[in-house]
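Worksheet for the structure shown next.
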Amino acid sequence: MAYTLPALPFSTGDLEPFYDRATLELHHGKHHAGYVDNLNRALADYPIIAEQTVEELLTNLQSVPAEIRTAVTNNGGGHANHSLFWRTMGPAKETLPTGDLDRALNSSFGDIAKFKKLFANAASQLFGAGWTWLYVEAAGRLGIGTTQNQDSLLEKNQKPILALDLWEHAYYLKFHNRRADWIDAWWNIVDWAEVGRLHVRIMEGESLHEIYQSDKSHELKDK
Ligand code: MN3
């Protein structure tokens, strides 16, 4: 398969003022597109490997030939990580988690305020470039994790349902060196309804590729 850049599930001005249009356009159109192009380039001479979905590649990195494993880790990870990042954001609505997701967050972290504090602390303390995640563990509990660079949680069998990009390219145009301000702003544009749908779909055992790469607007019709 050729890996493709997913369309954004919102217009680039829709997340203002929390996420500025100029950063979003560069972030999606240049950075994410670059990971997709580089992944396709890395796999051009490996047609058998390139038949796998990006989620399959990242879950089984050991089966990727050693000479392209770093390229797949960085660019496959970059592609998958950003695909989730876009789909878990939307125009600010002041909503909160509901239903099964709300119950799972309360049972794993105490309450939503405690979860947000733990998540923001993990994001603030991450050294250098990387990501902070809310994920579903194999046993179904929720966890908060961080990864460096474009490493994916999938290789640890942790399935992310919320992604925060902490590379400087994600926020530097507007927030400069103020990562804490980016984290504060980002909470306003988390699409909790979509995070809840991802949680349900993972608990139901749907294929990771369907969950992460299917068209978000299509999924909205299910509810
Ligand atoms: Mn990024």
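The values are calculated or read from the model by the stated rules, or taken from the named source; none is laboratory data. Bear in mind that the values here come from a model prediction, so they are computed numbers and not experimental data. Quick reminder, even Gly has a Cβ in these numbers, built from the backbone with ideal geometry, and neighbours come from all protein chains shown. SASA here: full protein model, heavy atoms, side chains in, ligands and nucleic acids out. Shrake-Rupley method; radii C 1.70, N 1.55, O 1.52, S 1.80 Å.
Residues in segment 43-53 that are of a type in the set (Gly, Ala, Ser) and open to solvent by 20 Å² or more (accessible area, probe 1.4 Å): 1 in all. Kindly check whether there is at least one residue in segment 118-131 that is open to solvent by 10 Å² or more (accessible area, probe 1.4 Å) and under 14 Å from the mean Cα position of the chain (by Cα). No: segment 118-131 contains no residue that is open to solvent by 10 Å² or more (accessible area, probe 1.4 Å) and under 14 Å from the mean Cα position of the chain (by Cα). Candidates in segment 69-97 are the residues that are of a type in the set (Gly, Ala, Ser) and open to solvent by less than 20 Å² (accessible area, probe 1.4 Å); of these, the one that is nearest to the ligand (Cβ to nearest atom) is 78. Criterion applied to 181, 165 was being over 18 Å from residue 54 (Cα atoms), out of contact with any Leu (no Cβ under 8 Å at 6 or more places or on another chain), at pLDDT 95 or above and open to solvent by 20 Å² or more (accessible area, probe 1.4 Å), and the one residue passing it is 181. Those strands (runs of 3 or more DSSP E) of segment 91-177 in which at least 2 residues are free of Cβ contacts under 8 Å to residues at least 60 places away in the same chain and among the aromatic types (Phe, Trp, Tyr), considering only elements entirely within it, cover 130-136. For segment 48-83, filtered to residues that are outside any helix (DSSP H, G or I) and either within 22 Å of the chain's Cα centre (by Cα) or at pLDDT 95 or above (or both), the residue that is nearest to residue 171 (Cα to Cα) is 53.
Under 9 Å between Cβ atoms, which residue pairs at least 6 apart in sequence (or on different chains) link something in segment 188-201 that is modelled with pLDDT of 95 or more and of a type in the set (Phe, Trp, Tyr) with a partner that is crowded, with 20+ Cβ neighbours inside 10 Å and assigned to a helix (DSSP H, G or I)? As it stands, the answer is 192/101, since those pairs meet every condition given. Among the conditions (1) part of a helix (DSSP H, G or I); (2) open to solvent by less than 70 Å² (accessible area, probe 1.4 Å); (3) touching a helix residue (DSSP H, G or I) at 6+ places or on another chain (Cβ under 9 Å), the only one that residue 12 does not satisfy is (1). The criterion of being open to solvent by 20 Å² or more (accessible area, probe 1.4 Å), among the acidic types (Asp, Glu), within 27 Å of residue 173 (Cβ to Cβ) and touching a residue at least 40 places away in the same chain (Cβ under 8 Å) does not hold for residue 37. For segment 98-111, the set of residues classified as open to solvent by less than 70 Å² (accessible area, probe 1.4 Å) and either within 16 Å of the ligand (Cβ to nearest atom) or out of contact with any helix residue (DSSP H, G or I) (no Cβ under 7 Å at 6 or more places or on another chain) (or both) consists of 102, 106, 108, 110, 111, listed by residue number.
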